[in-house]
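Taking it in order: structure first as structure tokens, then the write-up.
Readers should treat all values here as calculations from the given coordinates under stated rules, not as data from a laboratory. Keep in mind that this is a model prediction, so the values were computed, not measured. Neighbour counts are summed over all protein chains in view; Cβ atoms, including those assigned to glycine, are modelled from backbone coordinates with ideal geometry.
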């Protein structure tokens, strides 16, 4: 079979490791601890959703910011949003990208922010998926 240059698909799964405690895995060797809010040292699934959104925003803005500010710029993306427990969903998620643009004049800051927002809107897969909604399919396999 010829190599078409496509990267192999990353497999993702979680395994139960205790009461309301799971470990998430990727076929690339990454792990994340997941559990309920009353379990120390874990992320809740909702927190991981928010972290994924913030990380996607940061990564989507990385190239335009690095081009203008240099590869060593510092940025923090904070994300928040309370759960609606009656409907078990997050009706609103709020992000704040914290970055020092003081070395740029006001016009350059405005131009850069337009480019950054366009980049995030265009390539942040997590944000685009959340805004559009998605279909989730579940199969249950038994032994």
Taking only the Cα positions of the stretch 63-143, the convex hull volume per residue in Å³ is 165
Ranked on Cβ counts within 10 Å of their own Cβ, fewest leading, 125, 44 go 125, 44
In Å³ per residue, the alpha-carbon convex hull of the stretch 99-143 encloses 101
In the list [x] 9, 28, 33, 21, 8, 1, 0; [y] 10, 31, 29, 22, 7, 1; [z] 10, 34, 28, 19, 7, 1, the entry giving P(r) over Cα pairs in 10 Å bins from 0, in percent computed from the coordinates is [x]
